[in-house]
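Encoded as structure tokens, the structure appears first; notes follow it.
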Amino acid sequence: MNTAQMVGTGAGAACVAEVWNVLGTAMLCKIASEETGGAYSVVDNVVGPQGGPPPHRHENEDEVFYVLEGEFEINYGGQRVVARKGDVVAARKGVTHSFRNVGEREGRLLVTITPGGFERFFEEVSREQIAMPQDAEKLAALSRKYGLEFLM
């Protein structure tokens with residue numbers, strides 16, 4: 001990509017228009033890896049109260065969580081922090097991490113994932129309508145495909 005790129009409020013990446021439902025979290029891909037030459041992707045997460053993924057780790061991706069709205073407990077590498085609007089938390093690949101909306105309303109996280117491509121995991125989970133606990137085996141298989149390990 002040789003030019004600057006802007007994605008407006010409520011808009012998604014040029015190649016991804018739909019909102020994904022990923023285990024109860026609404027996700028909108030703001031910038032897809034195809035638009036960055038695979039360098040990174042950016043996903044906007046709307047997380048309900050007490051929502052968030054279980055502890056997990058990525059083989060290949062670093063993630064940066066930027067809190068847009070709400071209050072999140074973020075656990076990474078044995079540390080626990082409460083992040084509020086404007087706070088940023090970075091989780092390196094291979095480090096176990098999770099987040100949970102500890103507020104009383106929906107919260108929003110903007111997540112930058114490097115390198116890009118992992119947003120396809122979210123897309124597949126949404127398309128397959130994977131839900132827990134009934135689809136645990138499907139989720140485990142898909143997670144392996146993307147180098148993701150849930151530690152439940």
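Inside the range 123-138, can you point out the residues that are β-branched (Val, Ile, Thr) and part of a loop (DSSP other than H, G, I, E, B)? Full working, then the answer.
So in the range 123-138, the residues β-branched (Val, Ile, Thr) come out as 125, 130.
Of everything in the range 123-138, just one residue is β-branched (Val, Ile, Thr) and part of a loop (DSSP other than H, G, I, E, B), namely 130.
Please go through the range 54-79 and pick out each residue that is more than 12 Å from the chain's Cα centre (by Cα) and within 13 Å of residue 114 (Cβ to Cβ).
Of everything in the range 54-79, just one residue is more than 12 Å from the chain's Cα centre (by Cα) and within 13 Å of residue 114 (Cβ to Cβ), namely 60.
I need every pair where a residue in the range 128-143 that is farther than 19 Å from residue 55 by Cβ and modelled with pLDDT of 90 or more has its Cβ under 7 Å from the Cβ of a residue that is among the acidic types (Asp, Glu) and loosely packed, with under 13 Cβ neighbours inside 10 Å, sequence separation at least 6 or different chains.
138/128
Here is a list: 96, 114. Which entry is of a type in the set (S, T, N, Q), out of contact with any Cys (no Cβ under 9 Å at 6 or more places or on another chain) and buried (at least 18 other Cβ atoms within 10 Å of the Cβ)? Steps first, answer last, please.
On the way: 96 fails: buried (at least 18 other Cβ atoms within 10 Å of the Cβ).
Criteria check complete, one pass: 114.
In this structure, does residue 73 turn out to be free of Cβ contacts under 8 Å to residues at least 60 places away in the same chain, out of contact with any Cys (no Cβ under 7 Å at 6 or more places or on another chain), among the acidic types (Asp, Glu) and crowded, with 18+ Cβ neighbours inside 10 Å? It would help to see each step written out before you state the result.
Details: free of Cβ contacts under 8 Å to residues at least 60 places away in the same chain: yes; out of contact with any Cys (no Cβ under 7 Å at 6 or more places or on another chain): yes; among the acidic types (Asp, Glu): yes; crowded, with 18+ Cβ neighbours inside 10 Å: no.
When the stated conditions are applied, residue 73 does not pass them.
So which residues in the range 1-34 are assigned to a loop (DSSP other than H, G, I, E, B), hydrophobic (A, V, I, L, M, F, W, C) and either over 15 Å from residue 111 (Cα atoms) or at pLDDT 60 or above (or both), if there are any at all?
Residues of the range 1-34 assigned to a loop (DSSP other than H, G, I, E, B): 1-19, 23-24, 32.
Checking which are hydrophobic (A, V, I, L, M, F, W, C) leaves us with 1, 4, 6-7, 11, 13-17, 19, 23, 32.
1, 4, 6, 7, 11, 14, 15, 16, 17, 19, 23, 32 - these are the residues of the range 1-34 that are assigned to a loop (DSSP other than H, G, I, E, B), hydrophobic (A, V, I, L, M, F, W, C) and either over 15 Å from residue 111 (Cα atoms) or at pLDDT 60 or above (or both).
I need a count of the residues in the range 35-49 that are in a strand (DSSP E or B) and either in contact with a Ser or Thr (Cβ under 6 Å, 6 or more places away or on another chain) or not hydrophobic (A, V, I, L, M, F, W, C) (or both).
Filtering the range 35-49 down to residues in a strand (DSSP E or B) leaves 41-47.
Cutting the leftovers down to either in contact with a Ser or Thr (Cβ under 6 Å, 6 or more places away or on another chain) or not hydrophobic (A, V, I, L, M, F, W, C) (or both) gives us 41-42, 44-45, 47.
Going through the range 35-49 one residue at a time, the tally reaches 5.
Spot the failing condition for residue 68; the list is (1) of a type in the set (A, V, I, L, M, F, W, C); (2) under 23 Å from residue 152 (Cβ atoms); (3) at pLDDT 95 or above, and only one is missed.
For residue 68, the exception is condition (2).
Give just the number: which of (1) surrounded by 15 or more Cβ atoms within 10 Å (Cβ to Cβ); (2) under 15 Å from the mean Cα position of the chain (by Cα); (3) in a loop (DSSP other than H, G, I, E, B) does residue 89 not satisfy?
(3)
Among (1) outside any strand (DSSP E or B); (2) in contact with a strand residue (DSSP E or B) (Cβ under 7 Å, 6 or more places away or on another chain); (3) more than 19 Å from residue 51 (Cα to Cα), where does residue 120 come up short?
It fails just one condition, (2).
Of the residues in the range 50-84, how many are among the polar types (S, T, N, Q) and outside any loop (DSSP other than H, G, I, E, B)?
Keep residues of the range 50-84 that are among the polar types (S, T, N, Q), which gives 50, 60, 75, 79.
Imposing the further condition that a residue be outside any loop (DSSP other than H, G, I, E, B) reduces the set to 75, 79.
Residues in the range 50-84 being among the polar types (S, T, N, Q) and outside any loop (DSSP other than H, G, I, E, B): 2 in total.
The values are calculated or read from the model by the stated rules, or taken from the named source; none is laboratory data. Everything numeric here is computed off the predicted structure, so don't read it as measured data. Cβ coordinates were reconstructed from backbone atoms using ideal geometry, including for glycine residues, and neighbour counts include every protein chain displayed.
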